[in-house]
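Structure first, commentary second.
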């Protein structure tokens, strides 16, 4: 899988860089307004804090949690996603919050799954609406969003099926009588907590703020992309920004290299060039996005890991 991912990312990167005017590309970077770029570090940090608060809404079904503690765990998980394959950062943040706040890890994992599926569903919706409003969009972009929409709706169906089956899923484990009782007990506890985590969003008092924060988060991300484009002297409308973010979100759900190198470059060129961006500006914009994201995630993620290790040492 790793070899396939590396090969695919390399091919996509070569396709994105094909025909690039390197002198113009570096001129674009040199001419950028870096005051805008610096301000995006604060903007992005605020968006990540809102993501932590949104995750906390789901986790609060299991009890009261410290907002700052959830933020540290969330950023440690995002750091894991930056440097580990297969989005293993989801396990990192679940383990972090389980150790710090005594939340069952299966519950935290399931809350994370619900959060990710909601994000993907939101991206498909805002991407589709933006495409519908703009009208003249390459068919390949519409097809890609449509195919991924099928996957997202499949994930939503899985969540609904899990909620409807409820405890029957847990009892299913006991049918495997040939397995050791201790294993069946642990598997049953894991499934029980996982189902509780999936169902954490079903309560109206949690669902309303969770959905509101989801909309606010993606609005901030869309506006941030508009600002970054302006720093390069390019005009990107909010609708175009939503289409671009939706394309990035779809691609980030696939196995890729750390930082989505190659994948994001290909998405940027294929999405932004139809919006009258030059190839050089499209690649400069996505480079800014990747570097800024890495700086923010690395800073807060390392700090979050350090806080977790220090608290573990104090407990000993």
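The values are calculated or read from the model by the stated rules, or taken from the named source; none is laboratory data. Please read all numbers here as calculations on a predicted model, not as lab measurements. Cβ atoms come from the backbone with ideal geometry, glycine included; neighbour counts cover every protein chain shown.
Taken over segment 271-286, the residue count meeting the criterion of being surrounded by fewer than 23 Cβ atoms within 10 Å (Cβ to Cβ) and modelled with pLDDT under 90 is 3. Would you call residue 208 in a helix (DSSP H, G or I) and surrounded by 15 or more Cβ atoms within 10 Å (Cβ to Cβ)? No; evaluated as a whole, the condition is false for this residue.
Does residue 238 satisfy the criteria of being touching a residue at least 24 places away in the same chain (Cβ under 8 Å) and surrounded by fewer than 22 Cβ atoms within 10 Å (Cβ to Cβ)? In short, no.
Any residue at all in segment 184-192 that's buried (at least 19 other Cβ atoms within 10 Å of the Cβ), modelled with pLDDT under 90 and in contact with a helix residue (DSSP H, G or I) (Cβ under 7 Å, 6 or more places away or on another chain)? Yes. Residues being closer than 28 Å to residue 7 by Cβ, modelled with pLDDT under 90 and either part of a helix (DSSP H, G or I) or out of contact with any strand residue (DSSP E or B) (no Cβ under 7 Å at 6 or more places or on another chain) (or both) are entirely absent from segment 287-306. Residues that are in contact (Cβ under 8 Å) with a residue 12 or more places away in the chain, part of a helix (DSSP H, G or I) and out of contact with any helix residue (DSSP H, G or I) (no Cβ under 7 Å at 6 or more places or on another chain) within segment 65-90 comprise just one, 86.
Considering the conditions (1) part of a helix (DSSP H, G or I); (2) surrounded by 16 or more Cβ atoms within 10 Å (Cβ to Cβ); (3) touching a helix residue (DSSP H, G or I) at 6+ places or on another chain (Cβ under 6 Å), residue 24 is excluded by exactly one of them, (2).
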